[in-house]
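My questions will all concern the structure given below.
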Amino acid sequence: MADLSTNLAGIKSPNPFWVASGPPANTGYQAHRAFEAGWGGVVWKTIGTPIVNVSSRYSALNSGPTRMIGFNNIELISDRSPETNFREIAEVKKRWPHHAVIASLMVETREQWHEFVQRSADAGADGIELNYGCPHGMCERGMGSAVGQQPAVAEKITSWVMEAATIPVIVKLTPNITDVTMAARAAKRAGANAISLINTINSITNVNLDTFVPEPTVAGRSSHGGYCGPAVKPIALNMVQACAADPDVRLPISGIGGIANWRDAAEFLALGSTSLQVCTAIMHYGFRIVEDMNEGLSAYLDSKGMKSITELIGRSVPTLQKWETLDLHWQRVARIDYDTCIGCNLCYIACEDGAHQCIDLKSPEKLGVGLGPGRVPHKPVPKVREEDCVGCNLCSLVCPVDECITMTEIPNGQSPMSWSNYQEKLAKGEMKAIPPHP
Amino acid sequence: MPLQPLLPAAALAANMADLHPPLRPQEALVEANRCLYCFDAPCIMACPTGIDVPAFIKKIASGNPIGAAKTILTANILGASCARVCPTSVLCEGACVLDDRDEQPIQIGRLQRYATDYIEQRGLSVLSAPAKKTGKKVAVIGAGPAGLGCAAELARLGHGVTVFEKQPQAGGLNTYGIAYYKLKPEISLAEVALVQSLGVKIRCGVEVGRDLAVARLEQEFAAIFVGIGLGDAQRLRIPGEDLPEVRDALAFIEQLRTEPLDRVPVGRAVAVVGCGNTAIDAATQALRLGADSATIVYRRGEEDMSAYEFEYELAKADGVEFLFHTAPVEVLATDGHVCGLRLSRTVVNAAGKAEQVPNSEFNQAFDLVLMAVGQEKQIALLKQLFPALALDARGAIQRDPLTGQTTMPHVFTGGDCANGGREVVNAVGEGKKAAHGLHAFLTQATARPPIQPSRLGAKTGATGSGLLQPIRAHELEAQVKIPGASPGAFDKTAANSSDHNAIRA
């Protein structure tokens, strides 16, 4: 069994799975339930001056009958008093000394930051997360993403925190910014110990077409909400990798954004995360999902011969490079396995209307492919014109049968040439320009 | 003793409830979202009316059931009844590619019902006939599925149509001859109203040849569509067949559909002779009416039965008993009423014929015998109405399968009288094909039926017959014989190649 124990900037937990700061991390009761279920850490729902919430706070993006592929909320930070929150943190830490409890904080003045940092440490928290990310409500009051979107302000406030901090400090980054590494570098300059990302994305999930008011609706109005859930994973992975690859950041990363199972978790680890935070999946299914996350990640690491998650962390970061370094000579084409093709012809219409028109519908008799599974007599079957196929992958992406369409590398004997190489060769007159596609 | 109704109305209503209940909206959404939205889908090819199944399912999935109903009814005017009575497991659902991904095929029939119910229950109309008429008039003989399919399509092409039906109500077997738990008569009658809403005139209670001469039709109408279906039930010609409790199974089913269920008499021990789908319908309904037993008597084995597999399974689940390799030789009676059958064991001989085994006879008690051994062809009637009409060896009307045109250029046909007896959906499809043939005949122009959007890219690809000869636009470009027109006016176009790439080049 691979070792899942985690150490993010000195914050230790038995596994990398933390409950993210949000509704599932609102109370001591929930933290107990989370740890009983197997979570490694809890980032407490953000503590600050208590706020007042509206009724009707969440909305979701569904995909057909699949619920909540995206999720949005207009709930603010904790509506409970700091006293209650810090007291419960202390109680939880007493019962779960080897699990991580991180206090998420959001206040305004230097004095308030100093006070809340001290109270977090006094309660026994293992670390502090600075909420510079919430894109709704609090930003209108100069907090949350209003801080995170201005690296100079974020750097200033982080430096106030570091003046008082005796435990590790994580800066949580907002994705609602042009270049997230600017904010990460600001955290680094201010002396933060780690970063976590992404917070939620500004969003409107949908419009009620009867009332014309977007959801969640509050007495005939709505407000921009913070978007999260499985649909944001690609955006989160991109930002996590960008920070992990930036030589001016070099901070441990707690990855957040659409993690719902061990596969998502492994991808975040491979792109440079050390710990992982989960919220929407818990809101959908409850704390019990962590059992499969732990088992699945452990089994995956075993299958790859990795002894601990440290061998996976960052493994994929260097494989992402600038486009200009990619090999223009490398070619692959689509190949269709007629023994598994069920005859839906989705590859044909996708290529014909949506890509490069290099699949033909041909008579199965002429092709000599027989009927295969599910193909009707004489019904034309898709055939890739390999000489015209650009290898774009679209057909293999729409194919509903696993491994029916294989993107196959076609060795062409040419040595690799990137765009950069190409530009150099052109400048030196070593080759002629590649003619435009007809 | 004469037969009596056996069950009260409430029990009958429960017994005769829909075999496949309607999908609830959430169920329909989940099911519709399973559809892969195949391009040029096999289910379209398997449908004899060529319904663009993926298109209508996609519309259900998006919350556009009205558009879904329009897609269905545009291709198949009897889409509501076909949703209920089609043998989908051998048609669209049998062709569903999900079957080949080891998943359950999409429940296309139930989704089709969902969409057509949606507009029916709200009284929405989704089809219309053009305001500008061609001035051409067609007489349709028979208001069954073929006649209605033809009439509706002709009306939508702008022609004037009058349908003549000898029964008091239109709809043919959909109104009179389908198991009650599959299709209630009111669904069929609503479809008749839909056809009428397109401007089609339907004159019920008019029997052509008796009340109205064909010559009169030929004076008033430019062309005629013959959709008279099949004739009377075949008889076994055994002693006792004229006893009052020996009935034609179709007449028994008709009684169920035209009288209150609690007034339909049924036996306690019912024998059904024959093993086709009508036999199954009769046996299962006899049980649902309260019979203690229903026994199907068939002179061959189960491997030879013409009933569909799913019908056989339904019958077994309902408790129908089967006497295979058994043939009735006499209907037994006491006091002038049926008391049983004298039966003989049979064996299928080397020539493939079932013959009786000597000295194997035995008696079994029954009080009602339903005959379901097939229907007669309408040879005599057709000879009387159209002496010049050519019939094939089976007694079916010879016609061009693509246009429905018979050996008499102004007479077109489709449905059971032309195909020898097939499904409702075949009849509708053939009626529709014939309407396009008629359109070509009347206007000397090829009808251009709307090509389904999902087929646009494969205009020339599919030359095959699919499973059961679906309609294809390019097939309709086949030549229609027009007296006086120069030959070749309707030659097949060059686009009939099977290789899609041919037109790209």
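Under the definition of Cα pairs under 8 Å and six or more residues apart, what whole-number percent is the relative contact order of chain A?
Working: 924 pairs, mean separation 61.2, N = 438.
Relative contact order of chain A: 14 percent.
Counting other C-beta atoms within 10 Å, and keeping those with at most 16, which DSSP coil trypsin sites (Lys or Arg not before Pro) do you find in the range B:255-341?
Values: sites: B:257, B:263, B:268, B:288, B:299, B:300, B:316; in loops: B:268, B:299, B:300.
The qualifying sites are B:268.
Please turn the phi angles of the range A:150-156 into ³J(HN,Hα) values with the Karplus equation 6.51 cos²θ - 1.76 cosθ + 1.60 (θ = phi - 60°), one per residue in order, whole Hz, x for glycine and proline.
10, x, 5, 5, 4, 5, 4
Largest first, please: the extent of the C-alpha atoms of the range B:9-122 along each principal axis, to the nearest Å.
Per principal axis, max minus min of the Cα coordinates gives 48, 30, 27 Å.
Just order A:354-363, B:68-77 by mean Cβ neighbour count inside 10 Å, highest at the front, would you? It would help to have the intermediate numbers written out before the result.
Numbers: A:354-363: 18.9, B:68-77: 26.0.
Top to bottom by mean Cβ count within 10 Å: B:68-77, A:354-363.
Compute the relative contact order of chain B as a whole-number percentage, counting only Cα pairs closer than 8 Å that sit 6 or more residues apart in sequence.
Numbers: 1057 pairs, mean separation 87.2, N = 505.
That works out to 17 percent.
While we're looking at this one, here's another question. Going by amide H atoms built from the backbone, whose H comes under 5 Å of the H on residue B:294, apart from near neighbours?
Under 5 Å from the amide H of residue B:294: B:270, B:321.
Against the globular-protein guess of 2.2 N^0.38 Å, express the Cα radius of gyration of the range B:185-270 as a ratio, rounded to two decimals. Provide the component values of the computation, followed by the final result.
Working: Rg = 18.3 Å, N = 86, 2.2 N^0.38 = 12.0 Å.
Dividing the Cα Rg of the range B:185-270 by 2.2 N^0.38 Å gives 1.53.
Given an 8 Å cut-off on Cα distances and at least 6 residues of separation, report the relative contact order of the range B:246-371 as a percent.
Details: 256 pairs, mean separation 36.3, N = 126.
So the answer I get is 29 percent.
What average number of partner chain Cβ atoms lie no more than 10 Å from the Cβ of the residues making up A:350-363?
Numbers: counts 1, 0, 5, 3, 0, 0, 0, 1, 0, 1, 6, 11, 5, 8.
Partner Cβ neighbours, averaged per residue: 3.
Mind jotting down the three principal axis lengths of the protein assembly as shown based on Cα atoms? Whole angstrom, largest first.
Sorted largest first, the three principal extents are 109, 78, 58 Å.
If you don't mind, another one. Carbon-plus-sulfur fraction of the accessible area of the range B:9-122, 1.4 Å probe, in percent?
Numbers: 2120 of 4110 Å².
About 52 percent, which is the carbon plus sulfur part of the accessible surface.
Another question, then. Accessible area per residue for the protein assembly as shown in Å², computed with a 1.4 Å probe and the full protein assembly in place, what is it?
Numbers: 40420 Å² over 943 residues.
Per residue, the protein assembly as shown has 43 Å² of solvent-accessible surface.
In the range A:103-159, which chymotrypsin sites (Phe, Trp or Tyr not before Pro) fall in coil by DSSP and have 14 or fewer other Cβ atoms within 10 Å?
Working: sites: A:113, A:116, A:132; in loops: A:132.
Sites meeting the loop and neighbour criteria: none at all.
Ignoring ligands, DNA and RNA, what percent of the accessible area of chain A is carbon or sulfur (1.4 Å)? Can you show the working numbers first?
Working: 10470 of 19820 Å².
That share works out to 53 percent.
Once you have the alpha carbon radius of gyration of chain B, what is it after dividing by 2.2 N^0.38 Å, with N set to its residue count? Spell out each step's value before the answer.
Details: Rg = 23.6 Å, N = 505, 2.2 N^0.38 = 23.4 Å.
So the Cα radius of gyration is 1.01 times the expected 2.2 N^0.38 Å.
Extent of the range A:6-318 along each principal axis, from alpha carbon coordinates, in Å, largest to smallest?
56, 49, 39 Å, listed from the longest principal axis down.
Using the Cα atoms of the range A:323-428, I'd like the radius of gyration and the largest Cα-Cα distance, Dmax, both in angstrom.
When restricted to Cα atoms, the range A:323-428 yields Rg and Dmax of 16.7, 58 Å.
How big is the gap, in Å, between the Cα center of the range B:226-303 and the Cα center of the range A:1-80?
Cα centroid to Cα centroid, the span is 67 Å.
Show me A:416-425, B:182-191 ranked by packing, highest mean number of other Cβ atoms within 10 Å first.
Details: A:416-425: 14.3, B:182-191: 19.6.
The peptides rank, most packed first, as B:182-191, A:416-425.
Something else about it: Hey, can you grab everything whose amide H is under 5 Å from the amide H of residue A:6? Only 5+ residues off in sequence or another chain; H modelled, so Pro and N-termini drop out.
Placed amide hydrogens put A:13, A:15 under 5 Å from residue A:6.
Probe radius 1.4 Å, ligands and nucleic acids left out: can you give me the accessible area buried at the B-A interface, summed over both chains, in Å² to the nearest hundred?
Working: alone 21650 and 20920 Å², together 40420 Å².
Between B and A, the summed buried area is about 2100 Å².
If you count, for each residue, the other Cβ atoms within 10 Å and average over each peptide, how do A:180-188, B:138-146, A:194-202 line up from highest to lowest?
Numbers: A:180-188: 23.4, B:138-146: 30.0, A:194-202: 25.3.
Top of the packing list down: B:138-146, A:194-202, A:180-188.
Go through the range B:374-421 and name the trypsin sites (Lys or Arg not before Pro) that are in a DSSP coil and have 13 or fewer other Cβ atoms within 10 Å of their Cβ.
Numbers: sites: B:377, B:383, B:394, B:399; in loops: B:377, B:394.
Taking the range B:374-421 and a limit of 13 other Cβ atoms within 10 Å, the loop trypsin sites (Lys or Arg not before Pro) found are B:394.
Taking a ≥ b ≥ c as the square roots of the Cα gyration tensor eigenvalues, with a/c under 1.5 meaning rounded and otherwise prolate when a/b beats b/c, else oblate, which class fits the range B:246-371? If you can, show how the numbers build up before the last one.
Numbers: a/c = 2.20, a/b = 1.32, b/c = 1.67.
In terms of gyration-tensor shape, oblate.
Can you give the extra length, in nm with one decimal, that the chain gains between residue B:302 and residue B:213 once fully stretched, where that is 0.36 nm per residue apart less the Cα-Cα distance? Spell out each step's value before the answer.
Values: separation 89, 0.36 × 89 = 32.04 nm, distance 4.54 nm.
Contour length minus the Cα-Cα distance gives 27.5 nm.
The values are calculated or read from the model by the stated rules, or taken from the named source; none is laboratory data. As the structure is a computational prediction, the values presented were derived from the model and not from experiment. Cβ: placed from backbone, ideal geometry, glycine included. Neighbour counts: every protein chain shown. Heads up: the accessible areas ignore ligands, DNA and RNA and are worked out on the full protein's heavy atoms, side chains in. Shrake-Rupley method; radii C 1.70, N 1.55, O 1.52, S 1.80 Å.
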